[in-house]
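A quick write-up on the structure given underneath.
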Amino acid sequence: MEFQTLAKQRYSVRDYKPDAIDPSLLDQVLSAGQIAPTAANRQPFKIIVIHTKEKKDELLKIYNRAWFSEAPIVLCGCGIPEQSWIRADGKSYLDVDIAIVMDHISLAAANLGLGTCWVASFDVDAARKILHIPSEVEPIIMMSLGYPAGSPGEKERKSLDELVSYELWNSPEQ
Ligand SMILES: Cc1cc2nc3c(=O)[nH]c(=O)nc-3n(C[C@H](O)[C@H](O)[C@H](O)COP(=O)(O)O)c2cc1C
């Protein structure tokens, strides 16, 4: 799909068909995450692929929305802080890296007719316990993945004028 069309068509899918995802499609989606850029190419991440069948109760403990457990797959984007690049002033780019990886995944999924939804408001302790995530690893984002059952709503976005300035924080008067 042409990129602008793809970027506009992707939306947060919160209603999924029960249809399974072919493993070759899943591989394509995950490969898009694999080739994502990361700071200093550290690749400080691991994605846990969760097939949701027969795990509904556990998934609802992680994020209590029916649609989340009804997507055939949930991905858990984990960051590994000790592997991440840290700027001289101490800022870690772990969150940025994971966001880029998961965005590649989300867009690749949309390009294949699949839907995703980013989920940050999940229960981290429940995720750690259920997915056996060690203390030195940070589960940063959950992402549901499956065939959309509904249709997108209107995109609400601020105007480009609000989101962009030229040359300085406040664009100089022309
Ligand atoms: C980092 C991040 C965290 C998000 N967390 C949640 C979440 O916990 N639950 C949810 O339903 N949607 C979540 N979303 C989805 C946003 O609400 C959604 O992307 C936004 O409203 C724009 O809508 P669109 O994705 O359909 O364009 C999250 C999105 C991002 C990027």
- Task: Select from region 69-98 the residues that are within 15 Å of the ligand (Cβ to nearest atom) and either open to solvent by 40 Å² or more (accessible area, probe 1.4 Å) or without any contact (Cβ under 8 Å) to a residue 12 or more places away in the chain (or both) and list them in ascending order.
- Result: E70, D95, V96
- Here are some conditions: (1) surrounded by 15 or more Cβ atoms within 10 Å (Cβ to Cβ); (2) assigned to a helix (DSSP H, G or I). A36 meets all but one. Which one does it not meet? (2)
- Note on the structure: Only one of (1) touching an Asp or Glu at 6+ places or on another chain (Cβ under 8 Å); (2) within 16 Å of the ligand (Cβ to nearest atom); (3) of a type outside the set (F, W, Y) does not apply to I130, and that is (2)
- Filtering region 12-29 down to residues that are more than 16 Å from the ligand (Cβ to nearest atom) and open to solvent by less than 40 Å² (accessible area, probe 1.4 Å), which residue is nearest to the chain's Cα centre (by Cα)? V29
- Message: Checking K55 against (1) open to solvent by less than 50 Å² (accessible area, probe 1.4 Å); (2) touching a helix residue (DSSP H, G or I) at 6+ places or on another chain (Cβ under 9 Å): exactly one of these is not met. Which one?
- Response: (1)
- If R128 passes every condition in (1) without any contact (Cβ under 8 Å) to a residue 60 or more places away in the chain; (2) open to solvent by less than 60 Å² (accessible area, probe 1.4 Å) but one, which one does it miss? (2)
- Message: Can you report the number of residues in region 99-115 which are away from the ligand (no atom under 15 Å from the Cβ) and open to solvent by less than 50 Å² (accessible area, probe 1.4 Å)?
- Response: 2
- Quick one: W118 ticks every box in (1) open to solvent by 40 Å² or more (accessible area, probe 1.4 Å); (2) away from the ligand (no atom under 16 Å from the Cβ); (3) in contact (Cβ under 8 Å) with a residue 40 or more places away in the chain; (4) in contact with a helix residue (DSSP H, G or I) (Cβ under 8 Å, 6 or more places away or on another chain) bar one, so which box is it? (2)
- Message: I need the helices (runs of 4 or more DSSP H) fully contained in region 81-174, keeping only those with at least 2 residues that are closer than 23 Å to A39 by Cβ and within 19 Å of the chain's Cα centre (by Cα).
- Response: 94-111
- Note on the structure: Going through region 39-68 in order, the residues found to be part of a loop (DSSP other than H, G, I, E, B) and either farther than 15 Å from I141 by Cα or within 16 Å of the ligand (Cβ to nearest atom) (or both) are R42, Q43, T52, K53, E54, K55, Y63, N64, R65
- May I ask you to say which residue of R42, R65 is open to solvent by 20 Å² or more (accessible area, probe 1.4 Å), out of contact with any strand residue (DSSP E or B) (no Cβ under 6 Å at 6 or more places or on another chain), more than 22 Å from A110 (Cα to Cα) and among the basic types (K, R)? R42
- Query: Taking interchain pairs and intrachain pairs at least six residues apart, which have beta carbon atoms under 7 angstrom, with the first residue in region 138-153 and without any contact (Cβ under 8 Å) to a residue 60 or more places away in the chain and under 13 Å from A99 (Cβ atoms) and the second away from the ligand (no atom under 11 Å from the Cβ) and open to solvent by less than 10 Å² (accessible area, probe 1.4 Å)?
  - Reply: none
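The values are calculated or read from the model by the stated rules, or taken from the named source; none is laboratory data. These figures come from a predicted structure and were not determined experimentally. With ideal geometry, Cβ positions are generated from the backbone for all residues, glycine too; neighbour counts draw on all protein chains shown. Note: areas computed on protein heavy atoms with side chains; ligands, DNA, RNA excluded. Shrake-Rupley method; radii C 1.70, N 1.55, O 1.52, S 1.80 Å.
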